[in-house]
Ligand code: ZN
Ligand code: FE
């Protein structure tokens, strides 16, 4: 008999604003309860109350208001919750209790989140990865079939940051900051039009969105097969944007530019 699948990290989606996702984390077996990127406290507090949970951890991936705007209200309701965010954005995220940087580990029940620095969307953007929990919280760096805009970084930086996420185990579930998947798929097809995995996934995403269902989580294996921003080093993608043989950073920059104008 196959061993039963035991999910070591439970992740629930809390939609916020127009297309943000806040994540509610629990580690079955401990009282650890986490919230990732609460831009809006209202839906997060409502969900915590509904499930009668007491918040212990607040995770922030970067300083943008749609990711940190709910921090103060969450802390007001749960003063013992530890607010964790990027050390290099300390000045831009008020009230942090734990400032973390590359390689730091954050305990969450029996699990541990490793901090991965992924600058580009913002200078201090971080991702939280748990290997045992098989999940990464990628904020606005890696989206399903997309990546964040480079507000504070260069193409070279963003390509390297995405490379860090790309090399995580393929089963790692990807939880990103926004439901941008359907638009991302439409764009992806313009730069990687003959990719069978992408064509199939785009159709699946259309079905999910028609039924008003989330497309999250993805996983690293699926992203590596379908996300054009992770595939800038694929000859077919370079050729499709007229840059056959070019450096992947140049190809990546061209894809990002096209997406900015899509
Ligand atoms: Zn952002
Ligand atoms: Fe955002």
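Using the rule -39500 (n - 2.57) for each DSSP H run of four or more residues, divided by the residues of the chain, the 222 nm mean residue ellipticity is -9500 deg cm²/dmol.
Remark: the residue 246-residue 107 segment gains 45.8 nm on full extension, using 0.36 nm per residue and subtracting the alpha carbon distance. Shape class for the chain, computed from the alpha carbon gyration tensor (a ≥ b ≥ c): prolate, with a/c not under 1.5 and a/b above b/c.
Annotation: the range 221-262 has a Kirkwood hydrodynamic radius of 10.1 angstrom, from the mean reciprocal C-alpha pair distance.
Highest mean packing comes first when the peptides 187-197, 139-149 are listed by Cβ atoms within 10 Å, giving 139-149, 187-197. Sorting 178, 125 from the fewest to the most surrounding beta carbons within 10 angstrom yields 178, 125.
Peptides 75-87, 32-44 ranked from most to least packed by the mean count of surrounding Cβ atoms within 10 Å: 32-44, 75-87.
Ranked highest first by the average count of other Cβ atoms within 10 Å around their residues, in what order do 236-245, 53-62 fall? Write down the numbers at each step before the final one.
Working: 236-245: 16.0, 53-62: 22.6.
Descending mean neighbour count gives 53-62, 236-245.
Across the chain, the mean sequence separation of Cα contacts (distance under 8 Å, 6 or more residues apart), normalised by length, yields a relative contact order of 13 percent.
Quick note: the coordinates plus some simple rules give every number you see, no bench work behind them. All of these numbers come straight from a predicted model, not from anything done at the bench. As a convention, Cβ positions derive from the backbone with ideal geometry for all residues, glycine included, and neighbour counts pool all protein chains shown.
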